[in-house]
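Enquirer: One structure follows; several queries about it will come next.
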Amino acid sequence: MTASPLIEFIAREHPAFVHIPLGLVAVLPLAMLASFHPRHGKILTGTSFFLAGIGWVASTAALFSGLVWGRQINLISPSGFLPVVANEKQVLQKILQVHILAATTGFLIGGICVFLLWRIWRRDYSSGLEGADHRHHAGRRFWERGVGAPALLLGFLWLGSWGFSGKLGGIMVFGNEETNRAAAEADAAKRNDVEAELPIRALDYASLEPAEDKPVRSKAHGDRWRRIWVTASGIDAYKAGRPLPAGAYAVMSTFTDDKGKPGSEPGPLYMKETKADGTTAFLFYWPRVPEALRKEVSGQDSVYWRSPDPKLFTCLGCHEKGGSAAK
């Protein structure tokens with residue numbers, strides 16, 4: 001399903017949403033330190049509470065926009081909150097994981113900090129006249145003045161978490177040596193991949209061994225009629241319910257009705273392969289998606305997804321559970 005223009009705008013403007021709370025959190029420790037001065041402690045405590053409160057509320061928009069953006073650019077699965085790192089070469093996904101965890105940690109620390117500042121601000125503004133408050137404030141030990149040492153410590157931890165998260169965000173946008181090297185390796189691998197633009201082997205599924213005598217319905221794959229085709233090296237293992245050996249693969253052709261008879265609507269083509277290193281890879285190819293069914297593929301009219309595309313994480317999760325579709 002396509003996102004609304006408002007959601008797309010929120011996702012696209014994530015860098016702008018981030019800078020607003022980050023700027024407030026950056027100046028917050030200065031106001032908190034200044035609140036330890038005995039003469040203006042009350043005013044600067046209120047200022048600290050205001051900066052922290054606005055920064056924390058604004059950070060919710062930053063977190064939400066970042067999540068939507070990550071899902072739109074396919075670094076996070078549609079129902080997920082963190083990118084799944086399938087292998088060590090997914091540098092961007094690894095950086096994004098730490099980026100999100102650091103931002104979330106700062107958000108939680110910031111919530112506690114705002115609560116402490118609210119309590120201190122309420123205490124100071126219910127303490128009476130300015131002169132009496134000044135004498136009382138000056139009589140406190142230094143670490144108990146102003147916002148107090150616990151809130152100040154949380155303010156620095158908040159800034160540290162968000163500063164680290166912001167640094168990682170900058171790396172994802174502008175790159176560094178590691179991300180540039182990973183991008184170059186991915187580009188070289190794509191140039192050397194004969195199937196980078198077309199699922200050649202999957203399209204030639206009729207040359208494989210049929211694993212079934214006739215089409216059957218598959219509720220796990222949209223309740224479509226399907227038929228399985230397996231390489232000769234893996235057909236025995238497939239029929240016995242064992243994992244496919246390295247180098248073997250299975251292709252599933254699907255139809256929407258009439259068991260694949262003439263006139264039925266072709267569905268997507270699925271492929272599961274066991275790589276030489278023992279890992280599992282998936283392919284999903286639907287060259288012409290009927291308009292009524294495009295909501296299943298985020299509104300696209302033509303789809304070609306290959307591992308490690310995050311949209312195929314559902315396939316990996318289902319097959320790893322060992323269910324009916326796991327063969």
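The values are calculated or read from the model by the stated rules, or taken from the named source; none is laboratory data. Fair warning: this is a prediction, and the values are worked out from it, not measured in the lab. Counting neighbours? That spans all protein chains shown, and the Cβs are built from the backbone with ideal geometry, glycine included.
Enquirer: For the structure I just gave you, tell me whether Leu33 is assigned by TED's automatic domain parsing to the domain that holds Val147, within 17 Å of Leu153 (Cβ to Cβ) and either buried (at least 17 other Cβ atoms within 10 Å of the Cβ) or at pLDDT 85 or above (or both).
Expert: Details: assigned by TED's automatic domain parsing to the domain that holds Val147: yes; within 17 Å of Leu153 (Cβ to Cβ): yes; either buried (at least 17 other Cβ atoms within 10 Å of the Cβ) or at pLDDT 85 or above (or both): yes.
Criteria met by Leu33.
Residues are listed down the side, and each one gets a yes or a no for (1) crowded, with 20+ Cβ neighbours inside 10 Å; (2) more than 13 Å from Tyr270 (Cβ to Cβ):
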| site | (1), (2) |
| --- | --- |
| Arg201 | no, no |
| Tyr205 | yes, no |
| Val216 | no, yes |
| Lys219 | no, yes |
| Gly222 | no, no |
| Arg227 | yes, no |
| Ala232 | no, yes |
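Conditions tested, residue by residue: (1) in the same structural domain as Arg39 (by TED's automatic domain parsing); (2) closer than 27 Å to Glu13 by Cα; (3) aromatic (Phe, Trp, Tyr); (4) modelled with pLDDT of 85 or more.
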position: Val98; (1), (2), (3), (4): yes, yes, no, yes
position: Leu101; (1), (2), (3), (4): yes, yes, no, yes
position: Thr105; (1), (2), (3), (4): yes, yes, no, yes
position: Phe142; (1), (2), (3), (4): yes, no, yes, no
position: Asn176; (1), (2), (3), (4): yes, yes, no, no
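Enquirer: Which count do you get for residues in region 35-62 that are in contact (Cβ under 8 Å) with a residue 40 or more places away in the chain and either of a type in the set (Lys, Arg) or over 16 Å from Ile112 (Cβ atoms) (or both)?
Expert: Total meeting the criteria: 13.
Enquirer: Shifting gears a bit: State the number of residues belonging to region 213-236 that are outside any strand (DSSP E or B) and either farther than 10 Å from Ala250 by Cβ or touching an Asp or Glu at 6+ places or on another chain (Cβ under 8 Å) (or both). Talk me through it step by step, then tell me what you get.
Expert: Filtering region 213-236 down to residues outside any strand (DSSP E or B) leaves 213-215, 219-223, 231-236.
Pick out the ones that are also either farther than 10 Å from Ala250 by Cβ or touching an Asp or Glu at 6+ places or on another chain (Cβ under 8 Å) (or both) and you get 213-215, 219-223, 231-233, 235-236.
Within region 213-236, residues that are outside any strand (DSSP E or B) and either farther than 10 Å from Ala250 by Cβ or touching an Asp or Glu at 6+ places or on another chain (Cβ under 8 Å) (or both) number 13.
Enquirer: Turning to a different aspect of this structure: Could you list all residues from region 6-37 that are farther than 26 Å from His99 by Cβ and in a helix (DSSP H, G or I)? Even if it seems obvious, please write down each step before you answer.
Expert: Applying the first criterion (farther than 26 Å from His99 by Cβ) to region 6-37 yields 31, 33-37.
Result: Ala31, Leu33, Ala34.
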